[in-house]
Amino acid sequence: MRKFIWGLLAVIFIGGLVFLSLNSSKTLMTSDSGKITEKQFINDVKKSSAGQQEFANMTINKVLDNQYGGNVSKADIQNAYDTQKAQYGDSFKSVLASNNATEDQFKTNIKNNLVMNAAIKANYKVTDKQINQAYKDYHQNITISMITAKDDNSAKQAIEALKSGDSWNTVYKKYTTEKTYAKQNGQLPSFDSTSTSVDSAVQEAAFKLSKPNDYSDSPITGSNGGFYVVQLNKTTTKPSLNNVRSKLSDKIVSTFLNDQKNTTKIQTIIGKILRKENVNVKDSQLKNALNSYMTAGISSSK
């Protein structure tokens, strides 16, 4: 099964459930063995680890969106959505289904994680040493076209067709399984090495191409299990450090967020934001759901 959503934090979906809005008097199921009411269901969900985590997610997302949502535009969300969807090809719907998610939830997930990035960036000090190292590793903006093939063999056939002289547009139409950028014959929005939407394997292969119309000479296997062929359309000159400082900071923050070794540090940052917003859990069954955040960093600071 393909990995779900590159570069994003895991989110638990509970089948569209919004358990706090249910009417506890309603019967959800009847049988010869007895019935299940909404009240019973709510109580079980609230006590479960999934329910506790979902409540924590809802609280964190609500607070962070209020404080940092203005730093994320609809265009940011749509671009990330389109780019990631293109890399899943015709398996996109099945990947969503296997993760019990809808397209709207996918977009919400993207938004929540972009907002999380903005929140951590505002509260995490990026050092000059980190910036300088990131700039050394930085690859400038490029534009590529991409074929999302159904399997490794199809990707190889596409490459052979290109080698035999067939045009990119002809090969793209024959072998791609993803049509998000069909009008552009597979051309993605430009990106650089700070991108969190384009698979790292695709980036690595694309950055090795030196001049326009060069294409990958072997199938690219993405971290999600997909198979790709890419062609370089345009490259640019590496900008000065000051011109990409903000992008480099974003990349450093994203790397920080996705490193499990930083879990406690991330919880400390989020906890500080939640305490500043006077978050107070009223429900006795959910009162401990945010403990790992609300207490993070307090003892060490004392």
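The values are calculated or read from the model by the stated rules, or taken from the named source; none is laboratory data. Note that the structure is predicted; figures quoted are calculated from it, not measured. Here the Cβ is made from the backbone with ideal geometry for all residues, glycine too, and neighbour counts use every protein chain on show. Ligands, DNA and RNA are excluded from the accessible area calculation, which covers all protein heavy atoms including side chains. Shrake-Rupley method; radii C 1.70, N 1.55, O 1.52, S 1.80 Å.
Meeting the requirement of 3 or more residues that are over 24 Å from Glu54 (Cα atoms), the helices (runs of 4 or more DSSP H) wholly within segment 228-302 are 241-257, 298-301. Restrict the check to segment 172-185 and report whether at least one residue is without any contact (Cβ under 8 Å) to a residue 24 or more places away in the chain and either among the β-branched types (Val, Ile, Thr) or within 30 Å of Thr263 (Cβ to Cβ) (or both). No, every residue in segment 172-185 fails to be without any contact (Cβ under 8 Å) to a residue 24 or more places away in the chain and either among the β-branched types (Val, Ile, Thr) or within 30 Å of Thr263 (Cβ to Cβ) (or both). Only a single criterion out of (1) touching a helix residue (DSSP H, G or I) at 6+ places or on another chain (Cβ under 8 Å); (2) open to solvent by 30 Å² or more (accessible area, probe 1.4 Å); (3) modelled with pLDDT under 95 is not satisfied by Ala97, namely (1). The residue of segment 44-60 that is modelled with the highest pLDDT, among those that are buried (at least 16 other Cβ atoms within 10 Å of the Cβ) and of a type in the set (Gly, Ala, Ser), is Ala56. Given the structure, is Ala75 closer than 29 Å to Ile147 by Cβ and either open to solvent by 30 Å² or more (accessible area, probe 1.4 Å) or free of Cβ contacts under 8 Å to residues at least 12 places away in the same chain (or both)? Considered against the rule, which asks whether it is closer than 29 Å to Ile147 by Cβ and either open to solvent by 30 Å² or more (accessible area, probe 1.4 Å) or free of Cβ contacts under 8 Å to residues at least 12 places away in the same chain (or both), Ala75 comes out as yes.
Among the criteria (1) within 26 Å of the chain's Cα centre (by Cα); (2) open to solvent by 10 Å² or more (accessible area, probe 1.4 Å); (3) closer than 19 Å to Ala205 by Cα, the one Tyr135 does not fulfil is (3). Residues in segment 61-72 that are surrounded by 15 or more Cβ atoms within 10 Å (Cβ to Cβ) and either in a helix (DSSP H, G or I) or basic (Lys, Arg) (or both): Asn61, Val63, Leu64, Asp65, Gln67, Tyr68, Gly69. Filter segment 210-227 down to the residues that are in contact (Cβ under 8 Å) with a residue 40 or more places away in the chain and either assigned to a strand (DSSP E or B) or open to solvent by less than 70 Å² (accessible area, probe 1.4 Å) (or both) and list them by number. Result: Tyr215, Ser216, Ser218, Pro219, Ile220, Thr221, Gly222, Ser223, Asn224, Gly225, Gly226, Phe227. With respect to Val202, is the statement that it is out of contact with any Pro (no Cβ under 8 Å at 6 or more places or on another chain), part of a helix (DSSP H, G or I) and more than 29 Å from Lys125 (Cα to Cα) true? So Val202 passes the test. Just a yes or no: is a residue in segment 122-140 modelled with pLDDT of 95 or more, of a type in the set (S, T, N, Q) and within 20 Å of Gly186 (Cα to Cα)? Within segment 122-140, not a single residue is modelled with pLDDT of 95 or more, of a type in the set (S, T, N, Q) and within 20 Å of Gly186 (Cα to Cα). Mind telling me which of the residues Asp283, Asp259 ends up being surrounded by fewer than 12 Cβ atoms within 10 Å (Cβ to Cβ), more than 15 Å from Ala119 (Cα to Cα) and touching a residue at least 24 places away in the same chain (Cβ under 8 Å)? Just a single option satisfies the conditions, and that option is Asp283.
Determine whether segment 108-118 contains at least one residue that is loosely packed, with under 15 Cβ neighbours inside 10 Å and among the charged types (D, E, K, R). Scanning segment 108-118, I find no residue that is loosely packed, with under 15 Cβ neighbours inside 10 Å and among the charged types (D, E, K, R), so the answer is no.
Pairs meeting the criteria (first residue in segment 231-244 and farther than 28 Å from Ala149 by Cβ, second residue of a type in the set (Ser, Thr, Tyr) and surrounded by 11 or more Cβ atoms within 10 Å (Cβ to Cβ), beta carbons under 6 Å, at least 6 apart or on different chains) are Leu241/Tyr135.
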